[in-house]
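Enquirer: Following this message is one structure expressed as structure tokens.
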Amino acid sequence: MIKQQSHQGAAGNASTKNGFTLIEILVSFSIVTIVMGLLYGTFRSTIKTAEKIDQDADAHRIARIVFYQLTKDLSMFNQSQGTGSSSTGSATPFGALRLIGENRSRFIDGSNYSDDTIAFVSLSAPPVLQGFSELDRAEIHYSLSEESLIREVKLRNKPIKNEVGESVLGLNFRYFDGKKREWADEWDPSLTNEMPLAMEVTLIVKAPFKEKTFKTTVGIPLAGSL
């Protein structure tokens, strides 16, 4: 009788030991699952953060491209006072267009943004047009279309449009009046009979964390009285 009871006790202990082992396996599996979930969440968060950083860097890249192109065009600014001529000798009908800046605004998702435009004559002909010298006069316009900054070049009445910046929410120009020694929000040479000495360009670009504002000042050669 005593031996039989001892055998039953040993069996009970083995069963208890096997039961704890199963629980330990389940607990371990749960811990591994939780850890894997945390790692996956961290990985996804890291990837999303990296993507946002890349998009933020894109905003800086867009601003650099826009400022470079605009500065390049203005560096070849020409005070056209009549019809110009191309390398073939034909007239380029720009009239008396000089530098004209229009002050405008627009609403996007309830927010007000600058929507300025500018037009001027540059001596830099677009490379996509063949048969023109480097000093041909080209009428250049900058304006926003949706969220794209459009540069339009007209040479011999052949307009060519291309996008120089995307995700652009706002575009603002200011013009430095040499006589008044102050900044103006728009420019009409027919009223002032002068050209601005410099331009301040502000660009608002969409970014993942917060919209980015970029600003630069561009000097205008040959500026002054017409």
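The values are calculated or read from the model by the stated rules, or taken from the named source; none is laboratory data. Note that the structure is predicted; figures quoted are calculated from it, not measured. Because the Cβ atoms are built from the backbone with ideal geometry, glycine has one as well, and the counts that use them run over all protein chains shown.
Enquirer: Hey, does the stretch 186-195 have a residue that's under 25 Å from the mean Cα position of the chain (by Cα) and part of a loop (DSSP other than H, G, I, E, B)?
Expert: yes
Enquirer: Name the residues in the stretch 156-182 that are under 16 Å from ALA119 (Cβ atoms), touching an Asp or Glu at 6+ places or on another chain (Cβ under 8 Å) and either of a type in the set (A, V, I, L, M) or not in a strand (DSSP E or B) (or both), would you?
Expert: ILE160, LEU171, listed by residue number.
Enquirer: Does any residue in the stretch 93-106 that is more than 11 Å from ILE118 (Cα to Cα) come within less than 7 Å, Cβ to Cβ, of a residue that is surrounded by fewer than 15 Cβ atoms within 10 Å (Cβ to Cβ) and modelled with pLDDT of 95 or more six or more places away or on a different chain, and which pairs are these?
Expert: These pairs meet every condition: SER105/ASN112.
Enquirer: Condition check: surrounded by fewer than 18 Cβ atoms within 10 Å (Cβ to Cβ) and closer than 20 Å to GLU139 by Cα. Does ALA198 satisfy that?
Expert: On the way: surrounded by fewer than 18 Cβ atoms within 10 Å (Cβ to Cβ): yes; closer than 20 Å to GLU139 by Cα: yes.
Yes; evaluated as a whole, the condition is true for this residue.
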